[in-house]
Amino acid sequence: MENKAKIASVVGARPNFVKLYPIHNAIRNYSEHTIIHTGQHYDYELSETFFKEFDLPKPHYNLNVGSGTQAFQIGEMIKRLEAIFLKSDFDLVIVYGDTNSTLAGAFSAMRSGIKVAHVEAGLRSFDRRMPEEINRILTDNLSDYLFAPTETAVRNLKNEHVYGKIFNTGDLSVEIINHAIKLSSKSKILDHLELEPKSYILFTMHRAENTDSKDSLIAIIHAFELLSEIKIVFPIHPRTKKVLKEKNLYERLLKCKNVKLIKPLGYLDFVKLMKNANKVITDSGGIQKESYLLAVPCITIRNNTEWIETVDAGWNLITGMHTNKIVKAARNWIPTTKIKPILGDGRTSTIIKDLLC
């Protein structure tokens with residue numbers, strides 16, 4: 001009987017945990033799978049609850065890196081991961097998405113002589129001011145196996161002449177969302193928040209290019225003020241709340257009576273909330289594709305997107321941080337096209353398992 005491959009997954013933020021679930025289920029019977037949690041997201045709602053909701057095993061390692069600047073986080077992760085990798089006999093390290101944990105995992109593994117696989121490779125916004133864009137580019141150039149979710153991502157990787165082998169695997173979100181919908185049927189979040197289906201807009205914002213700009217924060221709060229007739233549910237990211245207070249804007253936000261501020265949610269509650277929203281306004285890449293899969297119109301408060309397929313399909317509208325565009329889209333915009341299977345057929349984790357195990 002052949003020895004099983006020894007594979008480690010490096011995760012540390014909620015987007016990583018989401019992608020870890022189907023991969024772990026696909027490879028656990030065909031490999032020795034070690035889960036390493038960097039501790040990038042240290043808030044309970046952004047971390048441990050996801051492991052419980054999806055019945056993921058407790059991470060074998062938790063590096064407890066916590067908060068700090070981008071450089072501090074990545075540096076600490078690289079140092080702590082290297083200590084694990086140099087003593088290990090892993091055949092492969094899998095990294096996910098575009099977080100600081102993604103880049104640190106790829107760099108540490110490569111420098112430790114371990115092959116790297118990047119799940120969700122090849123995405124590009126072509127905006128190098130975004131930390132996530134730099135993480136993607138560097139990770140893709142460090143990886144031996146590049147699992148691209150779309151044909152556009154494949155083209156990006158080929159155009160950049162990356163070193164590793166490129167595979168069009170489709171996107172994990174298809175199977176994640178299908179499973180999450182089933183599990184979230186038990187969620188009572190709508191009752192808890194006293195919400196009727198399709199009676200509200202779901203809003204999220206966390207990217208540094210938005211939260212670090214006082215003008216952008218003022219623009220979005222002004223949009224809330226103008227949309228006083230529309231209920232807006234805002235699960236506020238801890239960092240976003242902190243910045244609003246630092247810039248003396250939090251009190252102005254609290255005066256928007258149409259905005260229901262809530263704490264970050266577990267993933268299943270969030271999916272239930274998103275599925276029943278009339279529209280979504282967000283700067284999150286993951287939520288752009290998830291809202292598409294749930295057939296919920298998405299308004300993206302960025303000037304670009306790595307999920308251009310959702311825009312081309314007519315279900316994602318790019319407004320930037322322009323108050324009038326946001327207000328007009330929230331009130332009047334309705335997609336006129338049907339949802340198409342642009343993100344794959346839901347077999348991504350099986351395809352990746354067959355390539356790695």
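Coordinate-derived values only; no laboratory data. Not measured: the values here are computed from a predicted model. When we count neighbours, we look across all protein chains shown, and the Cβ atoms used for this are built from the backbone with ideal geometry, even at glycine.
A few points about this structure:
- Counting only lysines at least 8 places from residue 79 when in the same chain, those with an alpha carbon closer than 25 Å to its own are 6, 19, 58, 87, 115.
- Gyration tensor (alpha-carbon) shape descriptor, the stretch 158-226, a/c threshold 1.5: oblate
- Highest to lowest packing among 102-109, 8-15, 263-270, scored as the average C-beta count within 10 Å: 102-109, 8-15, 263-270
- Charge sum, other residues only, whose C-beta stays under 12 Å from residue 310's C-beta, Lys/Arg counted +1 and Asp/Glu -1: -3
- Summary value for the chain: 16 percent relative contact order, contacts being C-alpha pairs under 8 angstrom separated by 6+ residues.
- Helix 173-184 vs. the chain, principal-axis angle (Cα, 0 to 90°, nearest 10): 60 degrees
- Of all DSSP bridge pairs formed entirely within the stretch 187-332, close to 0 percent run antiparallel.
- For residue 144, the shell of other residues with beta-carbons less than 9 Å away shows a net charge of +2, using +1 for Lys and Arg and -1 for Asp and Glu.
- Restricting attention to the stretch 268-357, lysine pairs at least eight places apart or on different chains and with alpha-carbon atoms under 14 angstrom apart total 4.
- Annotation: aspartates and glutamates with alpha-carbon distance below 16 angstrom to residue 245 (same-chain offsets under eight excluded): 212, 215.
- Annotation: lysines with alpha-carbon distance below 23 angstrom to residue 247 (same-chain offsets under eight excluded): 214, 255, 257, 260, 263.
- Shape of the stretch 140-272, Cα gyration tensor, a/c cut at 1.5: oblate
- Between 0 and 90°, nearest 10: helix 131-142 axis offset from the chain longest Cα axis: 20 degrees
- Net charge, residue 290 excluded, C-beta distance under 11 Å - Lys, Arg +1, Asp, Glu -1: +1
- Three-way shape call for the stretch 1-82 based on the alpha-carbon gyration tensor, with the a/c threshold at 1.5: oblate
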